[in-house]
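Report on the structure given below.
The values are calculated or read from the model by the stated rules, or taken from the named source; none is laboratory data. Quick caveat, the model's predicted, so the values are computed rather than measured. Cβ placement follows ideal geometry from the backbone for every residue including glycine, while neighbour counts extend to all protein chains displayed. Only protein heavy atoms, including side chains, enter the accessible area calculation; ligands, DNA and RNA are left aside. Shrake-Rupley method; radii C 1.70, N 1.55, O 1.52, S 1.80 Å.
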Amino acid sequence: MKKGQVLQETVAYVDFPNKGVVKVEEGKQVIVKNVLPGQEISFSVNKVRKGKGEGRLLEVLKKAPNELPEAPCPHFGICGGCTYQNLPYEEQLAMKNEQVKKMMDEAVDGEYIWEGIKPSPVRTEYRNKMEFSFGDEYKDGPLALGMHKRGSFHDIVTVDGCRIVDEDYSKILRGVLDFFTERQVPFYHKMGHVGYLCLLYTSPS
């Protein structure tokens, strides 16, 4: 295994937070984010140190056995707001249960009672407060309002129809975006310190 190498392997498991572990030759392993256990992936090795590597996901070659055919949110995979919507809710709980239990085992010295993770009675539209960012979906592109694109500090995805917030939030987002787009009001550019629009906070009254 060396830096710059492109490999194809199956994800063994995922550690918190969002660290997919891929085992390669001679017992070495590579951490790749935004993957699921059981997915067959191609990835490039970006860093190697003391037998451990960090990689960047290039493509999911084969879905995990328990993966949904399609994620319920149309923005999933592009938006960086959610990670596991392509898993059934019960499978999400099972994976998170393993992750938290593993951290507890490492942190607690001695025996303890593990009661597991309880499911939420509300699985969609549960967020009552959101912070949306203004920007553009690509450099010099049209005005966007929403969440940061996965893996990007600059590009913004307009998340009209986001599954984790109430429908009213999407109406507010779309209305605000249309208002400032029509008036050609620019967003605030952090590097150049020019522009006006930065963040939109939404919360119940």
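Name the long-range amide H neighbours of Q29: under 5 Å, sequence gap of 5 or more, or other chain; modelled H, no Pro or chain starts. Sorted by chain and number, the residues that satisfy this are V24, G53. Angle of helix 89-107 to the longest C-alpha principal axis of the chain, folded into 0 to 90 degrees and rounded to 10: 60°.
Per residue, the chain reaches -6000 deg cm²/dmol at 222 nm when only DSSP H runs of four or more residues are counted, each adding -39500 (n - 2.57). If the elastic network links every pair of Cα atoms under 10 Å, which of V30, V176, V122 fluctuates the most in the Gaussian network model of the chain? Checking each option, the largest mean-square fluctuation is seen for V122. Among the listed pairs K63/K129; K52/K190; K28/K63, those with a Cα-Cα distance over 31 Å are K63/K129; K52/K190. Highest mean packing first, where packing is the average number of other Cβ atoms within 10 Å per residue, the peptides 14-22, 159-167, 58-66 line up as 159-167, 14-22, 58-66. Each other residue within a Cβ distance under 14 Å of N97 adds +1 if Lys or Arg and -1 if Asp or Glu, for a net charge of -2. For the options K118, K129, K50, a Gaussian network treatment of the chain with springs between C-alpha atoms closer than 10 Å singles out K50 as fluctuating the most. In the full protein context, the stretch 103-205 carries 73 Å² of accessible surface per residue, based on a 1.4 Å probe and ignoring ligands, DNA and RNA. On the basis of the beta-carbon distance and an R0 of 25 Å, V24 and A71 show a calculated FRET efficiency of 0.35. Among the chymotrypsin sites (Phe, Trp or Tyr not before Pro) found in the stretch 135-171, those both in a DSSP coil and sparsely packed, with 14 or fewer other Cβ atoms within 10 Å of their Cβ, are Y138, F153.
Summing charges over all other residues whose Cβ lies under 13 Å from the Cβ of G27, with Lys and Arg as +1 and Asp and Glu as -1, gives +2. Angle of helix 167-182 to the longest C-alpha principal axis of the chain, folded into 0 to 90 degrees and rounded to 10: 50°.
Which of S42, S170, S152 ends up with the largest GNM mean-square fluctuation for the chain, with Cα atoms connected below 10 Å? With Cα springs under 10 Å in the chain, the top fluctuation among S42, S170, S152 is at S152. The fraction of accessible area contributed by carbon and sulfur in the stretch 44-148 is 51 percent, rounded to a whole number (1.4 Å probe; ligands and nucleic acids excluded). Which of rounded, prolate, oblate describes the stretch 135-195, given a ≥ b ≥ c as roots of the alpha-carbon gyration tensor eigenvalues and a/c under 1.5 marking rounded, otherwise prolate only if a/b is larger than b/c? Since a/c reaches 1.5 but b/c is at least a/b, the shape of the stretch 135-195 is classed as oblate.
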